[in-house]
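Participant: So that we are looking at the same thing, I have put the structure below in structure tokens.
The values are calculated or read from the model by the stated rules, or taken from the named source; none is laboratory data. What you are looking at is a predicted structure, and each value in this text was computed from that prediction instead of being measured. FYI the Cβ positions are ideal-geometry reconstructions off the backbone, even for glycines, and counts take in every protein chain you see.
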Amino acid sequence: MVPHAELRKRVADVLPEIVSLRHALHRIPETHFQERETSATIRAFLADSSLEILPPLLQTDTVGLLRGGSDGPCILLRSDIDALPVQERSGAAWSSERPGCAHSCGHDGHMAMLLGTARVLESFSQELAGSVRFVFQPAEEEAAGGKALIEKGLLDIAPRPAAAFALHGWPGMPVGRLSSAAGPSMAAADTFLITVRGRGGHAAFPHLVIDPVLTAARVVTGLQSIVSRSMDPQESVVLSICRIEGGKANNVIPDEVQLEGTTRYFDRSLQGTLREGIRRTVEGVCAASGCTAELVYEEGYVPLVNHQSAVDLARSVVTSCLGPASWFSEHPRTMGAEDFAFYLEKVPGALLRLGLGEEWRPLHSAAFDFNDQSLEPGIVTLSGLALEFCGK
Ligand SMILES: [Zn+2]
Ligand SMILES: [Zn+2]
């Protein structure tokens with residue numbers, strides 16, 4: 001049983017330091033696999049702790065272990081650490097000091113909460129039966145960091161985790177409330193790159209060229225019928241073309257045009273239909289106009305599927321530590337993706353959403369900044385999960 005009052009008191013004690021730390025991390029955002037200063041800040045904060053810190057598995061990750069006073073299971077808690085190529089316009093006094101790079105997904109808040117949790121759990125270590133694995137993971141936004149850490153054996157290092165949890169700050173939800181739900185919660189996300197090749201030439205002599213611009217336009221409209229005509233309407237599937245590029249002048253038809261986009265879905269068996277539909281459409285449309293085509297389809301994130309037992313544990317910890325109203329019953333699926341999904345393929349666990357405010361500015365927007373009011377309930381929840389899972 002988690003000692004709620006004592007837990008909240010110890011979280012309150014570390015909070016001022018954690019708010020300053022969050023602001024310090026917010027000032028120095030770094031994108032995927034470049035998180036050197038961020039990682040140094042994390043390591044400096046943990047330097048005088050009793051956590052056993054491993055040498056990096058990649059370059060910028062930090063993996064630590066807190067051993068409890070007696071034997072028991074290991075719980076893994078994960079924070080992502082990377083930022084986005086966004087020019088911040090939040091107006092915060094601690095805004096990014098790096099032009100064109102910002103913590104627009106709130107990973108600064110995730111890091112601060114997990115570091116606060118390390119401090120709090122260290123003070124409870126004698127009450128822990130088992131251990132807590134802390135993972136500060138790079139490159140979440142590229143679907144690369146979590147997968148790479150797991151391929152390097154993160155989940156096989158003893159003691160192997162028996163449960164895994166992560167939090168993500170969530171605009172549109174009241175401050176400090178938390179939610180999760182068993183089953184698919186976030187989508188799989190793949191990417192594709194199509195190159196349409198024709199034969200360029202003078203804009204005034206269309207009969208002498210093979211026009212890749214017109215063909216690319218037909219490919220775009222053709223691809224839109226894959227979801228509407230090949231997929232069961234009961235399924236949630238998205239196919240978006242997000243980049244189209246070709247040509248440099250208003251009187252020259254170019255040799256080639258590139259298209260880039262993403263597919264999103266929850267049921268992994270749909271990937272084959274999507275991939276095949278894109279291939280057939282691209283080849284068919286290009287052949288009809290005399291163009292050739294190249295398609296590169298790359299698997300990105302797997303769907304994020306929360307486990308029932310982990311969601312039950314989280315609900316019980318949140319309602320007992322923060323009050324019954326703190327568990328938010330609405331948890332709609334989203335077509336967004338999260339690379340914590342790779343952990344949940346191997347270890348039972350859950351990703352919890354942490355409310356940042358109903359009117360909070362959207363994730364990935366230039367105006368976004370994490371809500372400091374959400375740090376306390378986040379640290380209470382992460383600490384409470386470990387204390388409950390490794391309870392005596
Ligand atoms: Zn993001
Ligand atoms: Zn994120």
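Participant: When both residues are 6+ apart or on different chains and their Cβ atoms are under 9 Å apart, which pairs have a first residue that lies in region 233-258 and is free of Cβ contacts under 8 Å to residues at least 12 places away in the same chain, and a second that is not in a strand (DSSP E or B)?
Facilitator: Lys248/Pro254; Ala249/Ala203
Participant: Among the residues of region 101-121, is any away from ligand 1 (no atom under 16 Å from the Cβ), more than 18 Å from Leu375 (Cβ to Cβ) and touching a residue at least 24 places away in the same chain (Cβ under 8 Å)?
Facilitator: no
Participant: Just for region 152-176: of the residues that are away from ligand 2 (no atom under 16 Å from the Cβ) and either small (Gly, Ala, Ser) or not assigned by TED's automatic domain parsing to the domain that holds Glu345 (or both), which one is surrounded by the fewest Cβ atoms within 10 Å (Cβ to Cβ)?
Facilitator: Ala158
Participant: Turning to a different aspect of this structure: Condition test on Leu322, is it surrounded by 14 or more Cβ atoms within 10 Å (Cβ to Cβ) and within 27 Å of Gly145 (Cβ to Cβ)?
Facilitator: Numbers: surrounded by 14 or more Cβ atoms within 10 Å (Cβ to Cβ): yes; within 27 Å of Gly145 (Cβ to Cβ): no.
Taking the combined requirement at face value, the residue does not satisfy it.
Participant: What number of residues in region 70-99 are surrounded by 14 or more Cβ atoms within 10 Å (Cβ to Cβ) and closer than 16 Å to Val132 by Cβ?
Facilitator: Final tally of qualifying residues: 8.
Participant: Continuing with this model, one more query. Kindly list, by first and then second residue, each pair from a residue in region 29-57 that is without any contact (Cβ under 8 Å) to a residue 24 or more places away in the chain to a residue that is part of a helix (DSSP H, G or I) and of a type in the set (Lys, Arg), limited to pairs with Cβ atoms under 9 Å and residues at least 6 apart or on different chains.
Facilitator: Short answer, once both residue conditions are applied: Ile53/Arg43.
Participant: A further question on this structure: I'm trying to understand the selection: among the residues of region 326-365, which are surrounded by fewer than 20 Cβ atoms within 10 Å (Cβ to Cβ), more than 17 Å from Ala181 (Cα to Cα) and within 16 Å of ligand 2 (Cβ to nearest atom)?
Facilitator: Passing the criteria: Arg361, Pro362, Leu363, His364, Ser365.
Participant: Out of curiosity, is Glu376 more than 14 Å from ligand 2 (Cβ to nearest atom), over 23 Å from Glu17 (Cβ atoms) and either free of Cβ contacts under 8 Å to residues at least 60 places away in the same chain or outside the structural domain of Ser236 (by TED's automatic domain parsing) (or both)?
Facilitator: Working: more than 14 Å from ligand 2 (Cβ to nearest atom): yes; over 23 Å from Glu17 (Cβ atoms): no; either free of Cβ contacts under 8 Å to residues at least 60 places away in the same chain or outside the structural domain of Ser236 (by TED's automatic domain parsing) (or both): yes.
Criteria not met by Glu376.
Participant: Still on this structure, please answer the following. Would you be able to say whether some residue in region 32-55 is assigned by TED's automatic domain parsing to the domain that holds Ala93, exposed (fewer than 15 other Cβ atoms within 10 Å of the Cβ) and assigned to a strand (DSSP E or B)?
Facilitator: So far as region 32-55 goes, yes, one or more of its residues are assigned by TED's automatic domain parsing to the domain that holds Ala93, exposed (fewer than 15 other Cβ atoms within 10 Å of the Cβ) and assigned to a strand (DSSP E or B).
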